[in-house]
1. Between helix 248-257 and the chain, what is the angle of the helix's C-alpha long axis to the longest principal axis, kept within 0 to 90° and rounded to the nearest 10?
2. Using the Kirkwood radius over Cα pairs, work out the Stokes-Einstein diffusion coefficient for the range 1-102 at 20 °C and 1.002 mPa s, in µm²/s as a whole number.
3. State the dimensionless ratio Rg/Rh of the chain (Rg: radius of gyration of Cα atoms; Rh: Kirkwood radius).
4. In the range 261-341, which chymotrypsin sites (Phe, Trp or Tyr not before Pro) fall in coil by DSSP and have 15 or fewer other Cβ atoms within 10 Å?
5. Specify which residue in the list V265, Y95, Q130 is farthest towards the positive end of the charge dipole of the chain, using unit charges on the beta carbon of Lys, Arg (+1) and Asp, Glu (-1), about the Cα centre.
6. Out of all DSSP beta bridges in the chain, what portion is antiparallel? Express it as a percent rounded to 5.
7. Along the range 55-68, what does the Karplus equation 6.51 cos²θ - 1.76 cosθ + 1.60 (θ = phi - 60°) give for ³J(HN,Hα), rounded to whole Hz, x for Gly and Pro?
8. Write down the Kirkwood hydrodynamic radius of the range 3-207, to one decimal in angstroms, obtained as one divided by the mean of 1/r over all alpha carbon pairs.
Amino acid sequence: MNLDERLNLISQVGEEIITLDELKTLLAEKKHPVAYDGFEPSGSIHIAQGLLRAININKMTSAGCRFKMLVADWHGWANNKMGGSLENIQTVGKYLIEAWKSCGLDAENVEFVWASEHVKDDDYWKKVMQVARNTTVNRIIRCGQIMGRKDADVQQASQILYPCMQAADIFHLKADICQLGLDQRKVNILAREIGPKLGYWKPVIASHHMMMGLLKPTTEESDKMERVIDMKMSKSRPDSAIFMTDAAEEVKRKISKAYCPEKQVQENPVLEYCKYIIFEKFSTLEIRRPEKFGGDVSFASYGELEKAYASGALHPMDLKTVVAARLNELLEPVRQHFEKNARAKELLEAVNKLEVTR
């Protein structure tokens, strides 16, 4: 794969790249740059965390990146996830890894790194201290968005520690590329600004798209980065997300209720599923319908689908029917894994119990 092909793959992942010129230079200099993403184990995994993340990571590894997935268990602990129980957080982390491995993640080229391991290294805490000493409390509070919180929600002292740890993670993992969601932008920018001051480097940022939830957006805020918290799939509203182990009928039910205004292509979650997941996995999307409603139709690209939908040539219910069917095809191997693999089944049952009791 040549430089342009590698650059194209990473550009497909990065909705925003800071900066493209730096990425070009990095790829020219390094055949196998290190890219990283981190995840806070906080409960059941939905498809944006599962399928979409696997799609993105596979593109990064295809482009030659050595990918590190940080299991941010200590970060979740600092953020009071799973009732503040580190043991429960770690159980969820193991369950998440099982979900990714069962949905097509290029696991051979992905290294899972547990924060609970690298916090044992004194040098890590030196990096955390260096970050903290080179920023302000107000700046760190503004980074609260990375925890899924607004500024006013950052109240525990441990939550102040979280962004300092996350910025330090980048340098401790020797990451050349921060391949996280747009909601993590503020702390990645912080790392770029202070990295050279601390004798490190300026990491490239390739922020992936944050998929909106299935329900109608509840905010009219104009600032895109503030809206991300409210629009991304929210586990606090179960019907706003499809989870990786949802039963087939549950997937159909959620999609049937999804916000999908006729002829509207912007802020349409069902079309987002098509663009970011379905057309990444299927070369065509075939819709079967009676002749009186236009007969069967096939789309070879998302662009074709969007154009037909915007014109009114495709009704929302016809779109929803095929989207539910394709998603169920993609989720069936995951359901089978958690049903037939003893370890995976045990972890899923444990996480389901934790979800009920917290």
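1. It is inclined by approximately 80 degrees.
2. 143 µm²/s
3. 0.97
4. Passing both the DSSP loop test and the Cβ count: F282.
5. Looking along the dipole axis, the top candidate is Q130.
6. Among the beta bridges of the chain, antiparallel pairing accounts for roughly 35 percent.
7. With the stated coefficients, the range 55-68 comes to 4, 5, 5, 4, 5, 5, 5, 5, 7, x, 6, 8, 9, 10 Hz.
8. 17.1 Å
Read-outs: derived from the displayed coordinates by stated rules, not from any lab. These figures come from a predicted structure and were not determined experimentally. Cβ sites come from the backbone with ideal geometry, for glycine too, and all protein chains shown count toward neighbours.
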